[in-house]
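J.: Have a look at the structure that comes next, please.
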Amino acid sequence: MTHTMQFMVVFLLISAIGVALAFPHQAMRLWILALATSPDAWANGLVGGPELITAAMKGYGLVLVLGLGLRHGWRFDRYNPSFAFTFMFLASMVHGLYPGLTLTDSLRSLTGSASPFFFSFVCLPKTLITSINRTLVWAPLCAIAFGALLTLSGLGAAYNIEQGAVRLGTSGEAPYLAGFALIAIYAGWLEFLASPSRRSCIMITINLTIILLTGARAPLLLAGLITILVLIAQRRVLALAGLGALAALGVMCSQALTFLRVFNLIHLGEASDLSNRTLVWPYFLSAWAASPLFGQGVGAGKVIMPLSTPLAGLIGTNAAHDEFLRIGAEGGIVGLLLLIILIILWLQQGTAALPRPQKYFIRLVFLAFALHSATDNTMIATTSSVFFLWASTVLMPGRGGQLTPAAIRSERQCRHDE
């Protein structure tokens, strides 16, 4: 970058930090929308590599945590999953790091892995929680609008062609847009369960369509299953019939719809293909086997299979695309089990006071997240920051109804400016 460009980046960064501390509510909404545009893709040529941009965005989230905490107060979240990553890091300081993984890189990975959970330490007011959820619902559409502007200006492409099929990616990569649309569907259904409205139904439909256009299979499958289960639980017979009719129409017209990636993969017989993920997994299994109890250290997943290897160059990635495997390789059996146990306790405590429909829905979402984690980078991608921000808002004790003892203690810790 030129000196002028470097100065502009530093100036904008300092200004953004100032906004986050002075106006955290507005900065929070802008941060969510910015994440949805996949800045690691479109801003790559402006400030550096994708990892630098991802680190900057997660770092800005930490500034937001600080700004919100200073304004609204703090609370102790005893089951916060970030404690599991801290344990993995400390354990690696005892038994040593994986060859090629430096202490600085491990500390950076610790911050990136733990930071999405830090919003649960902040007393978030109900007005901000409502604003966050509505922003999440609209974020994919805003990302598409931003991508359209980049396309019109010649700075990007709203879609790409893969094996003869169209994939909507807007300003970033299609899987990330699908991930944000999936979170938007979660937020939309939770809003609908609390207060049914036509607007919620419209936004859920729009975000389902966005996932279909991205061609991302796992998000589409999970969004479809959750939608069907919610409709069944709500006894929405007409909606189920309409959904079934659309599915039947899609099957009948599948030959004419092969320009969409999902139908194209079915036509090619590759619908269940794991996109070369299984070629990477032996590297992580071998690293895990070398240190089964405590793993190779937080951040080892980035160096277990170096980007310089021929396989990484061939398939374009060195990521495991299986969070159970990656975290097992980094934290061992102990670290992985600790993380799973803390998430279960975090989920159980946070949903205890919620009405039954919301309680079971959120638990269903976490089950879907666990399934998704078996085939994707759900906890290291930028979508994790947004998903666990949303989770922190819905799992905060005392937000849903009758106060449990844990919720009462949480309420006492927080000073409300609502």
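J.: Checking Phe284 against (1) part of a helix (DSSP H, G or I); (2) under 29 Å from Phe76 (Cα atoms); (3) touching a Leu at 6+ places or on another chain (Cβ under 7 Å); (4) in contact (Cβ under 8 Å) with a residue 24 or more places away in the chain, which test does it fail?
T.: Condition (2) is where Phe284 drops out.
J.: Continuing with the same structure: Just to be sure I understand the filter: pairs with C-beta atoms under 8 Å, separated by 6 or more residues or on different chains, first member in region 148-159 and surrounded by 15 or more Cβ atoms within 10 Å (Cβ to Cβ), second member assigned to a helix (DSSP H, G or I) and not aliphatic (A, V, I, L, M). Which pairs pass?
T.: Cβ pairs passing all conditions: Leu150/Trp42; Gly156/Trp42; Gly156/Gly147; Ala158/Gly147; Ala158/Thr151.
J.: Right, another one. Cβ-Cβ under 8 Å, sequence separation 6+ or interchain: first residue in region 241-256 and farther than 16 Å from His267 by Cα, partner part of a helix (DSSP H, G or I). Which pairs?
T.: What qualifies is Leu243/Thr227; Leu243/Ile228; Leu243/Leu231.
J.: Here's something else I'd like to know. Quick check on Gly69: is it touching a residue at least 40 places away in the same chain (Cβ under 8 Å), under 22 Å from the mean Cα position of the chain (by Cα) and part of a helix (DSSP H, G or I)?
T.: No.
J.: Return the residues of region 364-398 that are small (Gly, Ala, Ser) and part of a helix (DSSP H, G or I); say none if nothing qualifies.
T.: Within region 364-398, Ala368, Ala370, Ser373, Ser384, Ser385, Ala391, Ser392 qualify.
J.: Restricting attention to region 23-52, report how many residues are modelled with pLDDT of 80 or more and either more than 16 Å from the chain's Cα centre (by Cα) or not β-branched (Val, Ile, Thr) (or both).
T.: 15
J.: Here's another thing I want to ask about it. Report, by residue number, each residue of region 247-260 that is more than 21 Å from Thr227 (Cα to Cα) and assigned to a helix (DSSP H, G or I).
T.: Of everything in region 247-260, those that are more than 21 Å from Thr227 (Cα to Cα) and assigned to a helix (DSSP H, G or I) turn out to be Met252, Ser254, Gln255, Ala256, Leu257.
J.: Do you know which residues across region 209-246 are over 20 Å from Pro196 (Cα atoms), in a helix (DSSP H, G or I) and either of a type in the set (Val, Ile, Thr) or touching a helix residue (DSSP H, G or I) at 6+ places or on another chain (Cβ under 8 Å) (or both)?
T.: Thr209, Ile210, Ile211, Leu212, Thr214, Arg217, Ala218, Pro219, Leu220, Leu222
J.: So, in region 187-205, exactly how many residues are in a helix (DSSP H, G or I) and over 22 Å from Leu389 (Cα atoms)?
T.: 5
J.: Would you confirm whether any residue within region 402-409 is in a helix (DSSP H, G or I), of a type in the set (D, E, K, R), loosely packed, with under 15 Cβ neighbours inside 10 Å and at pLDDT below 95?
T.: For region 402-409, residues in a helix (DSSP H, G or I), of a type in the set (D, E, K, R), loosely packed, with under 15 Cβ neighbours inside 10 Å and at pLDDT below 95: absent.
J.: Quick one: in region 1-22, which of the residues that are at pLDDT below 70 and surrounded by 14 or more Cβ atoms within 10 Å (Cβ to Cβ) is farthest from Leu128 (Cα to Cα)?
T.: Looking at the filtered set, the residue picked out is Met8.
J.: Another question, then. Taking the condition of being buried (at least 17 other Cβ atoms within 10 Å of the Cβ), out of contact with any Leu (no Cβ under 7 Å at 6 or more places or on another chain) and over 16 Å from Ala187 (Cβ atoms), how many residues in region 360-388 meet it?
T.: Of the residues in that region, 7 qualify.
J.: Do the conditions hold for Glu191, that is, is it surrounded by fewer than 23 Cβ atoms within 10 Å (Cβ to Cβ), over 16 Å from Thr214 (Cβ atoms), charged (D, E, K, R) and at pLDDT below 95?
T.: Yes; evaluated as a whole, the condition is true for this residue.
J.: Starting from residues that are of a type in the set (S, T, N, Q) and surrounded by 18 or more Cβ atoms within 10 Å (Cβ to Cβ), keep the ones in region 53-88 and report whichever is modelled with the lowest pLDDT.
T.: Going through the qualifying residues, I end up with Thr54.
J.: Please tell me if Asn160 is outside any loop (DSSP other than H, G, I, E, B), polar (S, T, N, Q) and modelled with pLDDT under 90.
T.: yes
J.: Which of the residues belonging to region 260-288 are among the aromatic types (Phe, Trp, Tyr) and either closer than 15 Å to Leu220 by Cα or modelled with pLDDT under 75 (or both)?
T.: Residue satisfying the conditions is Phe263 alone.
J.: Okay, moving on. So, in region 163-188, of the ones that are of a type in the set (S, T, N, Q) and surrounded by 16 or more Cβ atoms within 10 Å (Cβ to Cβ), which residue ends up modelled with the lowest pLDDT?
T.: Ser171
J.: Follow-up. Please enumerate the residues belonging to region 121-164 that are among the basic types (Lys, Arg), under 20 Å from Trp74 (Cα atoms) and within 17 Å of the chain's Cα centre (by Cα). Give the derivation first.
T.: Residues of region 121-164 among the basic types (Lys, Arg): 126, 134.
Those left that are additionally under 20 Å from Trp74 (Cα atoms): 126.
Answer for region 121-164, where residues must be among the basic types (Lys, Arg), under 20 Å from Trp74 (Cα atoms) and within 17 Å of the chain's Cα centre (by Cα): there is none.
J.: Among the residues of region 201-212 satisfying the criterion of being crowded, with 21+ Cβ neighbours inside 10 Å and in contact (Cβ under 8 Å) with a residue 40 or more places away in the chain, which is farthest from Glu173 (Cα to Cα)?
T.: The extreme case among them is Met203.
J.: Answer with yes or no whether Ala248 is farther than 18 Å from Val137 by Cβ, of a type outside the set (Asp, Glu) and at pLDDT 90 or above.
T.: It is false that Ala248 is farther than 18 Å from Val137 by Cβ, of a type outside the set (Asp, Glu) and at pLDDT 90 or above.
J.: For Thr209, are the conditions met, namely being within 30 Å of Ala157 (Cβ to Cβ), in contact with a Gly (Cβ under 9 Å, 6 or more places away or on another chain) and β-branched (Val, Ile, Thr)?
T.: no
J.: Restricting attention to region 261-274, which residues are in contact (Cβ under 8 Å) with a residue 24 or more places away in the chain and either exposed (fewer than 12 other Cβ atoms within 10 Å of the Cβ) or in a loop (DSSP other than H, G, I, E, B) (or both)?
T.: Result: Ala271, Leu274.
J.: Does Gly179 satisfy the condition of being farther than 16 Å from Thr37 by Cα, small (Gly, Ala, Ser) and assigned to a helix (DSSP H, G or I)?
T.: no
The values are calculated or read from the model by the stated rules, or taken from the named source; none is laboratory data. Predicted model only: the values in this text are computed from it and were never measured. Don't worry about glycine lacking a Cβ; one is built from the backbone with ideal geometry, like all the others, and counts go over all protein chains shown.
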